[in-house]
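For reference, the structure discussed in these notes is given below.
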């Protein structure tokens, strides 16, 4: 369980920014099955990968070494290998040893490329890891790239509850005891899906925020007065999701802060999580307020606005036109 | 109860945004606040009622309030009208 650092605004967040780089051994363990990966030397040299994407060093092998990304995993596929094979022995050695001299973390030979024995020996001397994969370069590029992206994606944890309502991911935040869990429970009973209660782990993928539940907590939630319940077990598979995109943040606030609320829905406030802005709404909680019904309406309205419709803007246009027409009628009188 | 008459001076009249401002402002007071135009009364704390008035540019609206802070409430609403709701 991560510990939380309180941030202003009542939302607790923790950044995993000091994530250590991915060691080659770990990378090998993660991908050896999926990528049919074999190390060309034992033990695997002690090096680490960074978040840089996998690189195909065609241009560097051809002699253009400006901008060469030396922190990247280098991938030699059929094309690069065919190029190397076309060179004279001495030029080939020179080209390959350039990669080693730049201290790249590792070089992967993808099917059908195979390192020649002198390449392995030379790499071992320089302590640069060589691997072969039985996948073609394009397939390896995709799998390894996705894996590195996942490992190095920006992450944070938020004290809140994530529910998928009509396909819209709503993240509830607010003070403890304000009713986030009860609202989620109500939505689950109406047939919507719980992603996570209390702790939501958020990963940024591109310009999307994806929320997941904590591995240990799973889909358990605490209902005050009853205790811990397992939603997956009680309500079945359709009531839970392992992860969901976060489309909107809903902050539940006490009613006495209500004077600051937007009443028309014209001004959309935003909150930024991991650099991604998402709509933010303040919903006052008081006796008789049915937050789950409000949530369903919000979800439907967001779907509507995704399709380019804005009720308030259309209503406003009609109202302004009406006022103009009656002013014109008065003018004629 | 106190009341004051004001003229709507912003170009577009009381459309959604000014209505929202009126409702936010009047909700900050304990008094009941009302707007009246051509004999129609609207609760100034309800955005739908305020928009229903359809008070266009140059129309006259009576603001009245009753309660502990009625004076402040009417003052605040009248100021909004005079500032043209921060619009043209």
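Computed from the coordinates by the stated procedures, all read-outs in this text should not be read as laboratory data. Since we're looking at a predicted model, the values are computed, not measured. A quick note on method: Cβ atoms are made from the backbone with ideal geometry, for glycine too, and the neighbour counts reach across all protein chains shown.
Per-residue ellipticity at 222 nm for chain A, helices alone: DSSP H runs ≥ 4 residues times -39500 (n - 2.57), over residue total, nearest 500 deg cm²/dmol? Provide the component values of the computation, followed by the final result.
On the way: 10 runs with 113 residues, N = 333.
For chain A, the value works out to -10500 deg cm²/dmol.
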Using label points projected 7 Å from each Cα along Cα→Cβ, tell me how many nm separate residue A:36 and residue A:21, to one decimal.
-> 3.0
Please give, to one decimal in nm, the separation of the simple spin-label points placed at residue A:151 and residue A:300, each 7 Å out from Cα toward the Cβ.
-> 4.7
Shape call, segment A:35-138: gyration tensor on alpha carbons, a/c limit 1.5 = rounded
C-alpha long axis of helix B:16-27 to longest principal axis of chain B, angle in ° = 10
Relative to the longest principal Cα axis of chain B, at what angle does helix B:70-82 sit, 0 to 90 degrees, rounded to 10?
-> 10
In whole angstrom, and with the biggest value first, how far do the Cα coordinates of chain A range along each principal axis?
-> 95, 64, 35
Two-site label geometry, residue B:69 and residue A:127: point separation in nm, points 7 Å out along Cα→Cβ = 7.1
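What FRET efficiency would be calculated for the residue pair residue A:166, residue A:90, taking the C-beta separation as r and a Förster radius of 56 Å, to the nearest 0.05?
On the way: r = 66 Å, r/R0 = 1.19.
E between residue A:166 and residue A:90, to the nearest 0.05, is 0.25.
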Taking the alpha-carbon centre of each part, the distance from segment A:280-300 to segment A:83-121 in Å is 62
In degrees between 0 and 90, to the nearest 10, how far off the longest principal axis of chain A does helix A:291-306 point, with axes built from Cα atoms?
-> 60
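May I ask you to derive the relative contact order of segment A:12-151, considering only C-alpha pairs under 8 Å and at least 6 residues apart, and to give it as an integer percent? All intermediate terms of the calculation are to be shown ahead of the outcome.
Numbers: 204 pairs, mean separation 41.2, N = 140.
The normalised contact order for segment A:12-151 reaches 29 percent.
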Work out the P(r) tail for segment A:189-333: percent of alpha carbon pairs separated by more than 25 Å, whole number.
-> 46
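At a 10 Å Cβ-Cβ cut-off, how would you order A:243, A:330, fewest neighbours first?
Ordered from fewest to most neighbouring Cβ atoms within 10 Å, A:243, A:330 come out as A:330, A:243.
Please report the antiparallel percentage of the DSSP beta bridges confined to chain A, to the nearest 5. Before the final figure, lay out the partial values.
Working: 41 of 63 bridges.
The answer is about 65 percent antiparallel.
At 20 °C and 1.002 mPa s, grab the translational diffusion coefficient of chain B from Stokes-Einstein with a Kirkwood Rh over Cα pairs, rounded to a whole number in µm² per second.
Working: Rh = 12.3 Å.
So the translational diffusion coefficient is about 174 µm²/s.
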Taking A:183, A:35 and counting other beta carbon atoms within 10 angstrom, the fewest-first order is A:35, A:183
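Can you say what percent of the DSSP beta bridges in segment A:66-212, counting only those with both residues inside, are antiparallel? Round to 5. Please list the in-between numbers first.
Working: 18 of 27 bridges.
Taking every DSSP beta bridge within segment A:66-212, about 65 percent pair in antiparallel fashion.
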Sorted from fewest to most neighbouring beta carbons within 10 Å, what does the list A:97, A:154 look like?
-> A:97, A:154
Order by protection proxy (mean Cβ within 10 Å, highest first), peptides A:71-80, A:144-153 = A:71-80, A:144-153
